[in-house]
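Please read the structure below before turning to the comments.
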Amino acid sequence: QVQLVESGGGLVQPGGSLRLSCAASGSIFGLYTMGWYRQAPGKQRELVERIISGGRTDYADSVKGRFTISRDNAKNTVTLQMNSLRPEDTDVYYCNGKRYVLDYWGQGTKVTASS
């Protein structure tokens with residue numbers, strides 16, 4: 001069992017930055033693909049960015065050049081640095097950990113980019 005706890009959401013003006021963090025329990029964190037997803041009311045949850053155990057990343061085209069995911073396997077944490085935030089980035093962001101059929105989610109943290 002893996003538990004994921006997100007932090008770092010909040011309100012920021014368009015063009016600003018936020019840093020989301022996800023702390024994971026479990027001793028095999030380094031073997032999981034870790035990712036950040038987001039979901040708006042009434043819409044499907046979508047991938048923002050993910051990082052596999054070897055360090056390769058995948059990201060949505062809409063965040064290219066603005067968001068960066070990183071992981072620290074020694075500290076069991078994954079971070080999403082979000083720069084140049086836009087109003088359309090406003091969503092609830094969820095941390096995710098996957099390994100084979102195992103699929104874990106955090107409780108979500110709200111990000112609002114608004115003036």
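The values are calculated or read from the model by the stated rules, or taken from the named source; none is laboratory data. The structure presented is a predicted model; accordingly, all values stated were derived computationally and were not measured. Glycine gets a Cβ as well: all are built from the backbone with ideal geometry, and neighbour counts include every protein chain shown. Areas reflect the complete protein model, heavy atoms only, side chains present, ligands, DNA and RNA absent. Shrake-Rupley method; radii C 1.70, N 1.55, O 1.52, S 1.80 Å.
Of the trypsin sites (Lys or Arg not before Pro) in segment 21-54, the ones in a loop by DSSP (not H, G, I, E or B) with at most 11 other beta carbons within 10 Å are Lys43. Counted residue by residue at 0.36 nm each, then reduced by the alpha carbon distance between them, the extension gain from Asp103 to Ile28 reaches 25.6 nm.
Heavy-atom accessible surface of segment 1-92, averaged per residue, reaches 54 Å², computed with a 1.4 Å probe.
Each Lys and Arg contributes +1 and each Asp and Glu -1, all at the Cβ; summed about the Cα centre of the chain, the dipole is approximately 120 debye. The charge dipole of segment 47-89, taken about its Cα centre with unit charges on the Cβ atoms of Lys, Arg (+1), Asp and Glu (-1) only, comes to about 140 debye.
Here the accessible area of the chain is 48 percent carbon and sulfur, with a 1.4 angstrom probe and all protein chains present. I'd like the trypsin sites (Lys or Arg not before Pro) in segment 53-115 restricted to DSSP loop residues with at most 12 other Cβ atoms within 10 Å, sorted by number. Qualifying residues, ordered by number: Arg56, Lys64, Lys75.
Pairs of lysine residues in the chain that meet both criteria, 8 or more places apart or on different chains and Cα atoms under 22 Å apart, total 6. Across segment 4-38, the residues whose backbone nitrogen lies under 13 Å from the label position 7 Å along the beta-carbon direction of Ser114 are 10-14.
Treating r as the C-beta distance of Glu46 and Gln13 and R0 as 22 Å, the FRET efficiency rounds to 0.40. If you take all other residues with their beta carbon under 12 Å from the beta carbon of Arg66, and give Lys and Arg +1 and Asp and Glu -1, the sum is -2.
Per-residue accessible area (protein heavy atoms, 1.4 Å probe) orders Ser21, Ser84 as Ser84, Ser21, starting from the largest.
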